[in-house]
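Heads up, the thing below is written out as structure tokens.
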Amino acid sequence: MAPSCQLWKRPGPRRLCRALWSGAARSSASRALEAEPGPPARPVLPYDAIPRSGRSAWFNLYRFWRSDSFQRLHLVMERNFQRYGPIYRETVGAYNTVNVLLPQDAAQLFRSEGIFPRRMGIESWAAHRRLRNHKCGLFLLNGEDWRSDRLVLNKEVISPAGTRKFLPLLDAVARDFVSLLQQRVRKSTRGSLTIDLYADLFCFTLEASSYALYGERLGLLEESPDAESQRFIGGVETMLRTTLPLLFLPPSLARWTNAPLWREHMAAWDIIFKHADKCIQNIYQEFCLGQPRKYSGIMAELLLQAEMPLDAIKANMTEFTAGSVDTTAIPLLFTLFELARNPAVQAAIRKEVAEAEALGPRELSKVLTSMPLLKGALKETLRLYPVGITVQRYPTTDVVLQNYSVPAGTLCQVGLYAMGRSPEVFSSPERYDPTRWLSKEDNNFKALAFGFGARQCIGRRLAEAEMMLFVMHVLRNFTIDTVSKEDIKTIFRFILMPEKPPLLTFRPID
């Protein structure tokens, strides 16, 4: 990997080559040179000295609206890092942020996040909970409320023991999706299938996540998917589309100045809660009826533990449901595209899958750990196409970032999209190379798509397993190709998405 830019490193002590000097022949002058101290450490600069993008918060917001920069926010940040360097300040509407690029600054934020890490709040989401009298889940909670819920949920959602329980459910849905593709190929006269897989991946991820969360299949992989589930997917898409323009405005102002947008946002969340509540009621009724005990998903385990109030379980299950669809479907689409235009990588992963299966029947968790290249491919996808383009933290103590003093409580963002494409962090960043994650080089704080520390994404293991099982089964049965090898143009709608989904061709492997 390329070394970090020398202008951004602290100079080390001056050294002379000892091989040119014998101990007896050294002169007093040479000894004095060798002992000469290096340049003194740079003084820490004040917060106000950090380079700043724009001056007026509300003028910046107006400029973003006029230029439609919200959908290009990832590209705007990348351009700003190129212009100002690895740290800059920006104020847009109600938000004042310090944006950093380099992994070492992410590490500094991790060290200063405290026992109650905070990420950027989403006021429009919180306002919906208040107006509808819903409890907040992990995404919106902070402090002790967040910590108490997180400790209970960790055991069933992100721990190795909890993950092993829901892997068979995800595996069953991945197998069913491959069967659906095989049926479509058989109906094709060409013996292959060329398709925009965007909508199908949404159906797959909703089916898989619902099965893992509630132990319930929705039937979305059938010929005629359930209309209510389709409404849920539409609700998620609308919620994400309306979140971004509302992000920089106080909810009270948004309700006055953007009434149609606000109504859309509220209605979308109502659809999401209605769908999740239906799933919750079904599993709760089965639980109360005393059905024979077997693993029935994450919610059933939480009910059985009785360590969390029912309203808290419902709040978190709803957030999981809303957050587990597009955040998995979109990375899967990007992964399939990159494998299609990198056939050598595709073949190498297919070989790894075959070798893992040749070892015989094993627990799914052991199968997944025996495929490091496949896991590296998903990391590589999320490097180039992070679902969230930043990771946010509010340091609990004053922190020094790039030799600037940043006060405690300042909203700091690590620019993931810009970091993933920076030659100062990754060698040949434009190349899709999963093997970069298998090397012995330092990759600390470079793979941050799921965040870091205690507040990393609670659904990380669920998403990783879902994606790995999906790709594993697809590559076992199909080769993937694409007509266009050009880069996908992306837009930011609270998550990073393709501007136009690629067409992919699936050919069955005999």
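The values are calculated or read from the model by the stated rules, or taken from the named source; none is laboratory data. None of the values given here were measured: they were computed from a predicted structure. Note that each Cβ is placed from the backbone with ideal geometry, even for glycine, and that neighbours are counted across all protein chains shown.
Things to note:
- Under the condition of being surrounded by fewer than 16 Cβ atoms within 10 Å (Cβ to Cβ) and either assigned to a loop (DSSP other than H, G, I, E, B) or in contact (Cβ under 8 Å) with a residue 24 or more places away in the chain (or both), the residues counted in region 210-236 number 8.
- Odd one out for ILE488 among (1) over 24 Å from LEU140 (Cα atoms); (2) part of a strand (DSSP E or B): (2)
- Look at region 433-445: where a residue is over 18 Å from THR335 (Cα atoms) and a partner is part of a loop (DSSP other than H, G, I, E, B) and of a type outside the set (Val, Ile, Thr), sitting 6+ places away or on another chain with Cβ atoms under 6 Å, you get GLU441/MET1.
- Restricting attention to region 434-454, the residues that are surrounded by fewer than 20 Cβ atoms within 10 Å (Cβ to Cβ), of a type in the set (Lys, Arg) and within 15 Å of the chain's Cα centre (by Cα) add up to 0.
- Those residues of region 477-493 which are farther than 28 Å from ARG241 by Cβ and surrounded by 19 or more Cβ atoms within 10 Å (Cβ to Cβ), in sequence order: PHE478, ILE480
- Filtered residues of region 341-384 (kept if β-branched (Val, Ile, Thr) and either touching a Leu at 6+ places or on another chain (Cβ under 7 Å) or closer than 20 Å to LEU170 by Cα (or both)): VAL345, ILE349, VAL353, VAL367, THR369
- Screening ILE115, ILE122 for residues that are out of contact with any strand residue (DSSP E or B) (no Cβ under 8 Å at 6 or more places or on another chain), under 30 Å from ASP200 (Cβ atoms) and modelled with pLDDT under 95 leaves exactly one candidate, ILE122.
- Of ALA356, ALA408, ALA348, ALA344, all but one fail to be assigned to a loop (DSSP other than H, G, I, E, B), surrounded by fewer than 19 Cβ atoms within 10 Å (Cβ to Cβ) and aliphatic (A, V, I, L, M); the exception is ALA408.
- Selection over region 351-387 of residues that are among the charged types (D, E, K, R) and more than 25 Å from SER427 (Cα to Cα) gives a count of 6.
- Verdict on PHE337 being out of contact with any Asp or Glu (no Cβ under 9 Å at 6 or more places or on another chain), among the hydrophobic types (A, V, I, L, M, F, W, C), surrounded by fewer than 19 Cβ atoms within 10 Å (Cβ to Cβ) and part of a helix (DSSP H, G or I): no
- Number of the exception - GLU123 against (1) more than 21 Å from the chain's Cα centre (by Cα); (2) under 30 Å from SER53 (Cα atoms); (3) acidic (Asp, Glu): (1)
- Residue within region 371-394 that is in a helix (DSSP H, G or I), at pLDDT below 90, β-branched (Val, Ile, Thr) and under 25 Å from SER159 (Cα atoms) present: no
- Subset of region 455-465 (residues that are of a type in the set (S, T, N, Q) and either modelled with pLDDT of 95 or more or crowded, with 20+ Cβ neighbours inside 10 Å (or both)): none
Condition check ((1) touching a Lys or Arg at 6+ places or on another chain (Cβ under 8 Å); (2) over 22 Å from VAL391 (Cβ atoms)) across all residues:
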{"site": "SER427", "(1), (2)": "yes, yes"}
{"site": "ASP433", "(1), (2)": "no, yes"}
{"site": "LEU438", "(1), (2)": "no, yes"}
{"site": "ASN444", "(1), (2)": "no, no"}
{"site": "LEU448", "(1), (2)": "no, no"}
{"site": "ARG461", "(1), (2)": "no, no"}
{"site": "GLU464", "(1), (2)": "yes, no"}
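- Meets criteria (exposed (fewer than 15 other Cβ atoms within 10 Å of the Cβ), out of contact with any strand residue (DSSP E or B) (no Cβ under 8 Å at 6 or more places or on another chain) and not aliphatic (A, V, I, L, M)) for THR381: no
- From the options MET468, MET497, residue that is under 21 Å from LEU206 (Cβ atoms), surrounded by 20 or more Cβ atoms within 10 Å (Cβ to Cβ) and either at pLDDT below 95 or more than 20 Å from the chain's Cα centre (by Cα) (or both): MET497
- Residue satisfying all of: in region 359-370; of a type in the set (S, T, N, Q) and not in a loop (DSSP other than H, G, I, E, B); surrounded by the most Cβ atoms within 10 Å (Cβ to Cβ) among these: SER365
- Test: residue in region 54-69 that is in contact with a strand residue (DSSP E or B) (Cβ under 9 Å, 6 or more places away or on another chain), modelled with pLDDT of 85 or more and among the basic types (Lys, Arg): no
- Criterion violated by LEU384 - all others in (1) closer than 14 Å to VAL471 by Cα; (2) under 22 Å from the mean Cα position of the chain (by Cα) satisfied: (1)
- Condition met for SER124 (touching a His at 6+ places or on another chain (Cβ under 7 Å), at negative phi and of a type in the set (S, T, N, Q)): yes
- Failed condition for VAL400, given (1) among the aliphatic types (A, V, I, L, M); (2) more than 17 Å from the chain's Cα centre (by Cα); (3) assigned to a helix (DSSP H, G or I): (3)
- Reported count of residues in region 467-510, each being closer than 28 Å to PRO168 by Cα and among the aliphatic types (A, V, I, L, M), is 10.
- Breaking point among (1) under 17 Å from HIS128 (Cβ atoms); (2) in contact with a Gly (Cβ under 8 Å, 6 or more places away or on another chain); (3) not charged (D, E, K, R), for LEU213: (1)
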